[in-house]
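Taking it in order: structure first as structure tokens, then the write-up.
The values are calculated or read from the model by the stated rules, or taken from the named source; none is laboratory data. On a predicted model such as this, the values are computed, not experimentally measured, just so you know. Here the Cβ is made from the backbone with ideal geometry for all residues, glycine too, and neighbour counts use every protein chain on show.
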Amino acid sequence: MQASKSNHKIIRCVIVEDEPDAQTLLKSYCQKSGNLEVKATFFDALSAVRYVEQNAVDLLFLDIQLPGISGLSMLPLLTYQPKVIFTTAYGDYALEAFNFNVIDYLLKPIRFERFLKAIAKMDDHTQRALPEKITFDQVANEAFAPAKVTHVEAFGNYLKVHDCSKAVILHLTMKDIAVRLEPYGFIRVHKSYLVNAPFVQKATDTECLLTTGVSIPIGISYRQQVRSKFA
């Protein structure tokens, strides 16, 4: 069975698997599929949690029985959940696994044809609804509604989170907040700016004009992705 070429979007994957041979097999399957890019591999769940919290990830291949905490125990620790395909030698956890709204549950040994069927479900899969409010800074403990945030501005080691009526200053990096907001439709347009796409009224090669009247500069290295988003 050949890998499907119908979807050319690159899917950023992380493999969490404590068996080296299983890691190698999944990496080879991802490479053969044509549009799955393995960004990182981990032998334990907690290391994977730290990575996912700081990097944009589209899909987790997640074993259930792992050293430390299980794959099932890992998912509630994430502040946002990428799409998940469980990979396990045990069928006993299937019912509990699907309570997490996962895409599929692959039993080892995993055949390539079965792997491709799981990947094909991604387009039709409805991801768990994102929280209406999230907390960026546990110290400040102030919850924000991402849908009301127009843009985020970086200055030094701080950020200004803007909505239509106010701006709140947080001690947080742009990278950290970008990972948290990307699932809500935010896009990085400059090393110092992140914008909420629904508030973009017009985008040129040099600036984004927001519906609030604010003009946001577009960095040279971000122009192509801005064109792709707002063309």
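Applying the selection to segment 215-228, what residues are surrounded by fewer than 15 Cβ atoms within 10 Å (Cβ to Cβ), touching a residue at least 12 places away in the same chain (Cβ under 8 Å) and under 26 Å from ALA145 (Cβ atoms)?
Within segment 215-228, PRO217, GLN225 qualify.
Within segment 151-173, can one find any residue that is more than 22 Å from GLU53 (Cβ to Cβ), acidic (Asp, Glu) and modelled with pLDDT under 90?
Yes, that holds for at least one residue.
For ARG50, indicate whether it is under 20 Å from THR79 (Cα atoms) and without any contact (Cβ under 8 Å) to a residue 12 or more places away in the chain.
Yes.
Which strands (runs of 3 or more DSSP E) does segment 1-90 wholly contain that include 3 or more residues that are surrounded by 22 or more Cβ atoms within 10 Å (Cβ to Cβ)?
Details: elements: 11-16, 36-42, 59-62, 83-88.
Where strands (runs of 3 or more DSSP E) fall fully within segment 1-90 and carry at least 3 residues being surrounded by 22 or more Cβ atoms within 10 Å (Cβ to Cβ), they are 11-16, 59-62, 83-88.
Which of the residues that make up segment 49-73 are touching a Gly at 6+ places or on another chain (Cβ under 9 Å) and either closer than 11 Å to VAL14 by Cβ or among the charged types (D, E, K, R) (or both)?
LEU60, LEU62, ASP63, listed by residue number.
Six or more apart or on different chains, Cβ under 7 Å: which pairs go from a residue in segment 101-113 that's touching a residue at least 60 places away in the same chain (Cβ under 8 Å) to one that's in a strand (DSSP E or B)? Could you list them?
Qualifying pairs under 7 Å: LYS108/THR87; LYS108/THR88; ILE110/THR87.
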